[in-house]
Amino acid sequence: MSGLLQGRRIAITRPRGQADSLTAMIAGLGGEAIVCPLLEIAPADDPEPLRLAIARLDSYSLAVFISPNAVAFSLPQILARRPWPAALRAVAIGQGSVSLLATYGIENALVPNERFDSEAVLALPELQRQNVAGRRAVIFRGNGGRELLAETLRERAVEVDCVSCYQRSAPSDVAALQEDLRRGELDAVTVSSSEALRNLLRLLDDAARAHLAQTPVFVLHPRIAELAQQLGLRNVVLTAPADAGLVAALCAHRWR
């Protein structure tokens, strides 16, 4: 597969520090990965909810990690204060979170097999009402975001605590990405969240947005693809999950 992306300049819009693996894969195929973060990640302003959750960790049956960020901003603090309870089952949205949990010694996390979103997690047999009613769960997440997971678990008679352990914000500007788009110097843009896509469209000027509308935009989830089309992007490519799915789609794309 070497050289399949030779000469292609591809924007990676993940938060800083989360693009290394994808950047290396693209470089290994001859492409040039341009890292342009569309989300900035920082610890939550208020540490008290996480402190309280750590204090009552033994009362939970399930600990849900929305993303690798949720793992990175909660587990070090948890394990610095106490061991992970043997009876507490970790639940992860995707394989990235599972891998990071394993580095902290948390094995056998529940995770969907194919689609990686709240709907897929809620479809897991272990999380159906007959298996979870009357239990307690803690959801480690960022600020804002969808409430589907918490609301559905509550409908299944689970007592749910939501803990914002990190916060997302838009970058102050995207000048480098904007200039590359204006000049037509990007072959593709990759986007891994709806929030990042909204940030991109809000921060670009009209000229750059016009170029983006024609540029192949590779997205990891049908929800992001739908939003991209609603926002006027005309060349949206839905990929299989994770880095492998994204790279496979890039390699298979019929470039102009």
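The values are calculated or read from the model by the stated rules, or taken from the named source; none is laboratory data. Being a predicted model, the structure only gives us computed values, none of them experimental. So basically every Cβ, Gly included, is an ideal-geometry build from the backbone, and we count neighbours across all protein chains shown.
Results for (1) loosely packed, with under 14 Cβ neighbours inside 10 Å; (2) modelled with pLDDT of 95 or more, shown as yes or no for each residue.
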| site | (1), (2) |
| --- | --- |
| Leu212 | no, yes |
| Val219 | no, yes |
| Pro222 | yes, no |
| Gly232 | yes, no |
| Val236 | no, yes |
| Thr239 | no, no |
| Asp243 | no, no |
| Leu250 | no, yes |
| Arg256 | yes, no |
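For the list (1) part of a loop (DSSP other than H, G, I, E, B); (2) at pLDDT 95 or above, I need the number of the one condition that Gly184 fails. Against the list (1) part of a loop (DSSP other than H, G, I, E, B); (2) at pLDDT 95 or above, Gly184 comes up short only on (2). In this structure, Ala33 does satisfy being without any contact (Cβ under 8 Å) to a residue 40 or more places away in the chain, within 29 Å of Ser194 (Cβ to Cβ), outside the structural domain of Val160 (by TED's automatic domain parsing) and in contact with a strand residue (DSSP E or B) (Cβ under 6 Å, 6 or more places away or on another chain). Could you give every pair whose Cβ atoms fall below 7 Å, whose first residue belongs to the range 229-256 and is without any contact (Cβ under 8 Å) to a residue 24 or more places away in the chain, and whose second residue is among the hydroxyl-bearing types (Ser, Thr, Tyr) and in a loop (DSSP other than H, G, I, E, B), counting only separations of at least 6 or pairs across chains? Qualifying pairs under 7 Å: Asn235/Thr215.
Looking only at residues in the range 155-181 that are acidic (Asp, Glu) and either more than 24 Å from Ala44 (Cβ to Cβ) or without any contact (Cβ under 8 Å) to a residue 60 or more places away in the chain (or both), which one is surrounded by the most Cβ atoms within 10 Å (Cβ to Cβ)?
Top of the filtered list is Asp180.
The rows are residues; the columns are (1) touching a Gly at 6+ places or on another chain (Cβ under 8 Å); (2) in a helix (DSSP H, G or I).
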residue	(1), (2)
Ile10	yes, no
Gln18	no, no
Leu22	no, yes
Met25	no, yes
Ala33	no, no
Pro37	no, no
Ala42	no, no
Arg51	no, yes
Ile54	no, yes
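Of everything in the range 187-202 that is part of a helix (DSSP H, G or I) and under 19 Å from the mean Cα position of the chain (by Cα), the residue that is surrounded by the most Cβ atoms within 10 Å (Cβ to Cβ) is Leu200. Being under 14 Å from the mean Cα position of the chain (by Cα), modelled with pLDDT of 95 or more and outside the structural domain of Gln77 (by TED's automatic domain parsing) holds for only one residue in Ile12, Ile26, and it is Ile12.
Taken over the range 83-103, the residue count meeting the criterion of being of a type outside the set (Val, Ile, Thr) and part of a helix (DSSP H, G or I) is 7. Among the residues of the range 88-105, how many are in contact with a Ser or Thr (Cβ under 7 Å, 6 or more places away or on another chain), surrounded by fewer than 20 Cβ atoms within 10 Å (Cβ to Cβ) and at pLDDT below 95? The total comes to 0.
Residue by residue, here is whether (1) surrounded by fewer than 17 Cβ atoms within 10 Å (Cβ to Cβ); (2) more than 30 Å from Asn199 (Cα to Cα) holds:
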{"residue": "Leu38", "(1), (2)": "no, no"}
{"residue": "Pro49", "(1), (2)": "yes, no"}
{"residue": "Phe73", "(1), (2)": "no, no"}
{"residue": "Pro76", "(1), (2)": "yes, no"}
{"residue": "Arg82", "(1), (2)": "yes, yes"}
{"residue": "Gly134", "(1), (2)": "yes, yes"}
